[in-house]
Every structure is written in structure tokens, then in C-alpha cells.
1. Once you have the Cα-Cα distance between Asp197 and His445, take 0.36 nm times their residue separation minus that, and quote the gain in nm to one decimal.
2. I need the P(r) histogram for region 209-249: all alpha carbon pairs, bin width 5 Å from 0 out to the longest distance, whole percents.
3. Give me the lysines in straight-line cross-link reach of Lys520: C-alpha distance below 28 Å, same-chain residues under 8 apart excluded.
4. How many percent of the alpha carbon pairs in region 592-649 exceed a separation of 18 Å?
5. Under 20 Å from a point 7 Å along the Cα-to-Cβ line of Asp569: which residues of region 618-640 have their amide N that close?
6. Out of region 403-448, which chymotrypsin sites (Phe, Trp or Tyr not before Pro) are coil in DSSP terms and have no more than 16 other C-beta atoms within 10 Å?
7. R0 = 51 Å: FRET efficiency of Arg253 with Phe432, Cβ-based, nearest 0.05?
8. Mind checking the full-extension length gain between Thr513 and Val635? Use 0.36 nm per residue of separation minus the Cα-Cα distance, one decimal, nm.
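The numbers here are math on the coordinates, done by the rules we state, and not lab data. Everything numeric here is computed off the predicted structure, so don't read it as measured data. Positions of Cβ are generated from backbone atoms using ideal geometry, with glycine treated the same way; all protein chains shown enter the neighbour counts.
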Amino acid sequence: MTAAGTTTALSPARRSGRPSAFRLFARNQLAAFGAALLGLIVVVVILTPALPLLDPAATDPANRLLRPLAENHLLGTDHLGRDILSRLLWGTGVSLLVGLSATSVAALFGSAIGILAGYFGGRADTVLMRGIDMLMAFPYILLALAIVAALGPGLLNALFAIAIVNIPFFARNIRGVTLGLARREFIEAARLSGKSDLSILLTEVLPNVLPVIVITVSTTVGWMILETAGLSFLGLGAQPPDADLGSMLGEGRKLLITAPHVSVIPGVMIFLVVMSINLLGDGIRDLLDPRLKSGALARPAPMTEVVRQETDYPGASTEGAVAQGDSVLAVTDLQTQFRMGDDVYRAVNGVSFDIRPQECLGLVGESGSGKSVTALSLLGLVATPPGRIVGGQVLMQGKDLLGLDAAGLRALRGDRAAYIFQDPLTTLHPLFTIGDQIAEAIRSHRPVSYKDAWARAVRLLDAVRIPNAAGRASAYPHELSGGMRQRVSIAMALANDPALLIADEPTTALDVTVQAQVLKLLDQLRGDSGASLLFITHDFGVVSEVCHRVAVMYAGRIVEIGPTEQVLDAPAHPYTERLIACVPRLGEPGRRMEAIPGLPPAVNALPPGCAFAARCPHAEAACREGEIALDALDVAHAVRCIKPRGRLA
Ligand code: ADP
Ligand code: MG
């Protein structure tokens, strides 16, 4: 692996940290099998003219219907004494060629019609799609038969017939995709930049529908080959003495009892060709879906994989309770990584904090600093693959959450610990009423009747200040404003009286007045229900509103933690200082607001020493070497810096 490793390290796929398309594909064994089988068939077909085969059309009545393994005839002969092996290889070539050509023709015309109809809409759409509808109004095998009847039997005509009847399939599919794209902002932006329709179609629309076209092609080729074989079987395709797989099957049909090999051999070949193409097509579809790329071809598991040295965390089991002090949640040295290809992204790199009863702890940092991954790790919600927890301990009520199995985590999620996401439109189900969704959250953890759950849902909606809660419970998410939807998410999170609420940027999607209302509400509910709150945000202004203590994250580590007022008034870490300086203040237009120069380091290549050193105006040589510890400044305030601000002159 060493030599290969160094050469492939230079390929672009590897540099981006994702496994290369080829490796992903090879990991999907069925698709790789399909590709290998199809490759073998294609190679043999290409080599057919060069192989020492008998003439596929030469008849030899003296040697009729020889069984396979006969002398000179490996697969025997048919009813006219023709060599089956030779006819099979030539016929497979014809079938593949006709099937692929028909698919290409159908894909070309169908996609063009779909793109034009979807992009231009209006009258063009009406005319084109009604034409397609007319084609679809006939049972398509009848239509194919009618077309061949009109054009006359023959392979080329069969090809056209199959291509024509498949055009609607491509046109409908591609029109749907284009329709969605044509309304998107990047198309609008291209139009505003003065691009012509043709150029937009070629450079903006086509690249986006191309994966769909390729997927549709790869999944229909097999089907088209079957259809061509069907027409030949009925005597409408290949004409004697030419053969394709369908006509061979048709000729063998009359001899099925006396000489089964004459029809079974082409039948098996059709099966192998179509199966290998379909397996390959499925593999290509998986490959072209970028969401599957970073997670290999596996779907995420229900909980994050935990791989840690149990001995490092004595008592870290689901059994015996562990002493935990008076905190609701105690996190020690949490480490979560993403593995992509050979790169390891240390998104959370040794995070420790605790939250006391009824306390609100803020987790602040730039985008990408690891706040969300920290929060998701607590409840095992990081997708595996590519994520996994490689170390640490998360104690809640004396139990180590990282030691729980899937069932234990499920019982905890939404019950003792609840999560509020950033975007309430994507987390609420669009097809259920909000009352139903809250009632479901209650009933999945408590054995209460639907009626009682609904009544509690209404009380919860009332508690989060939804006006006319009893009536609004029957509303669907799209009927509510953004602020109301976020209140619904909060009501859902509160459904089972959680001890811990995790809110991941719950107000980022809201405007300032609604944000203020939601913050006030969260603060009140925390007081009323006695829940503790882990509040994630990138906004120091918000922190000062609701948080008792604040932890500042940078490149996967906490660099400063302390009481909110203390950190805001006298930030000790240069990063905290710069972050606070970035917050605009009302009524101080002249205040200097400096962006922090440079960018956060990539978490797959962290520098030694302080991760902020490269951007820090006070950095010196000692900052760039060795491990820098989180040192206590006083009982409640700690900082990961060798020259804390305001302490050393
Ligand atoms: P934020 O602080 O903005 O919430 P995140 O915790 O979401 O940041 O991300 C921390 C790091 O983890 C980032 O570098 C991000 O690219 C990486 N990351 C997050 N989720 C995934 C994922 N599913 N696959 C790969 N990398 C991820
Ligand atoms: Mg985030």
C-alpha cells in the first residue's frame, strides 16, 4: 500500500479528502461484478471477428441439432446445422449495438424535448408535452409493433420503433428535473448576467440534468435490449440469415422440447447481459449521488460509532452509576473525527465542559469550529460513516451516553435530552399537522392516549405563546411563519420535560424581533421547566442575552470558558477578544470593526501548538510548539493561551 499510496496521494480526488470514484465503485461488490461481467462480454464481442469461428450463416443439414460439446461445435448446432457459438457471439454484438443505439437516440431526443419544455414552459411546454402524451396514450409495445409494421420488418426499423416509444420516458423525467432547476436562483443570476438562453441551457441547465440523464440511460439500456429482443423474437427485428439474441430465441422456441439448448443458450445470454447492465446501472446511480460519496456507499447508521479505549474511562459503562457531582451533563475530552479517504478531520478535538441544573451554557465560535458536531456527538447523532467518536466521556445522570446502545439512546433522545435545530422548516414534517407531530413526540416516549397527547400538545403550544393554540394545532407547518415554526420546534423539544435542551443556532434563520421573542421565550421556559440549556450560536450578542456561562470554540477545541459577563468584559484569549470586537453595536457607528485576518486552519492538518497562532497578533515562537493547556485563571474562568490578555503587561 505504501508505493500505491504515494502515487495516488497526488490525484485530485484524494486531495479533496474523498475516496476516488473508482475505489467507491470497487467497494460496491454487486456493481463491480456487473461491470466485470459486462466488460468480459463486450471484449469477447469486439474480438469476435478475429476469433477462429465458423461462419454464423453457413448451414449444414447433415449436422442438425448437435448437442453442446459436439466435435467442432462447442455449443452444438441449430435446426439448419449452423454453429450456435458463432451465432451467439455475433448475435450478442448485434443485440448490444441495437440496444445501445436505441437508448442513445431515445436519450438524445427525449432529453432535448424535456429540457426545452421544462426551461421555456408556457406554449412550448404545452405543445411538446401534449405530443409526448399522445405517444404515451398507446400501449407502447403495440405502438412499437405498429411502427415496425408501417416501416417494414428489419433491425434498423426495430431500433427506431424502440427508440421512439422510449422518448416519452426520457422527456417526462428530464422535464421534471429541468422545471425545478429553471426556477432556481443561479439560473436567474445567469440571466441577469446577460447570458443567452442557449448559453444558459448549455452551461447551467445541462450539467445539472446530465447526471439524471446518465442514471436514466444506465437503468434503461437493459430494458431496451430486452424490447429489441422481443421484437426480433416475434420475427420483426433481425431477418435471416442475420441473427440477434431475440431471433435466436424465437427460432429455438419450436424445438424447446426436442433440442432445448437452441433456445436456452441465447436465453441465458440475454439474462447475463441485462443483469450485468442493471447491476452496473445501479452502481453508477449510487456513484453519481454526491451525498453518498462522503459516506461511502453505506447509509448512515442509527447512532454514531464509538471507538475508544474503555480503560481510559473507568466506570464508563451503562451499568453502575458514576459520581458526577451536581452537573446535569459532564463532558470530558470528547473527540469526534470524520474519516474521508485517508484524511482524518478532527472536528471535535478534546472538548470538556459541564452544565449545571437550570444553567444555560453558550457554545460560541466561527462557522466550522465544531459546535454542531459537539452537540450532535452528545446524543450519537453524527452520521457514521464518515464520523466516529474516538474518545471521551459524556455523563448524564450518572450514565455514560457514549456507552449506550441504540435502544438506550433512542429512549433518551427527545425524552431526557431534546434537540432544537436551526431550520424549523426542514425539521418539521410537511404533511402532518403540528399538533400531530407534537403528540407523536409525546406518545413515542409515554403510554398516553392520542387524545391526552393532543391536549398536552395544545398546552405546549400555548406555553410557547402560539396564539389560539387549540385551533393552530391543526395547522400544517407551511401555514406558519418562521418564528412560529421555531416555537413549534421548541414546544416539541419540551414535550417530555427534558432535563437537557440542546439548541443549535435556533434563531439564526429568524429576523431580529422574532429572534428576541424566541430568546426570551427560551429563557423563560428554561426557568419554568427547570431544564438546562446548551445554546449554540456564532453571535456574542445573543450569548449576552441568555447564557450564564460561555465556552468559546476554535478548530475543534474550547479556547476559553467562563461566566458570560467576565468573558465579555475581560476576554482572556486573543480569539475571544477579536470575536467580540466583530459584533456591531448600536449607536457606535465610528467604532472600528475589524474582521479577523486569515482563515481557521483545516481540521485535517492542524498546526502544532495553538491553532489560532497564525492569525494572532500577539503570537510568539512558544505558541507554535507543544500542547497548550486550558489553564484556570480563577475558579470559573479558564483559557487555552500562554499569554492571556489583560493578565500579563
Ligand atoms: P459549526 O461550528 O459551524 O457548527 P460543524 O460542527 O458543523 O461546525 O463542523 C465542524 C467541522 O466538521 C467542519 O470542518 C466540517 O467541515 C466538518 N463536518 C461536519 N459534518 C461533517 C460531515 N457529515 N462529513 C464530513 N465533515 C463534516
Ligand atoms: Mg453548526
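1. 83.8 nm
2. Taking all Cα pairs of region 209-249, the binned fractions are 6, 26, 21, 13, 11, 10, 9, 4, 0 percent.
3. Lys371
4. 43
5. It comes to 632-639, nothing else.
6. Phe432
7. That pair, Arg253 with Phe432, gives E of 0.40.
8. Contour length minus the Cα-Cα distance gives 40.3 nm.
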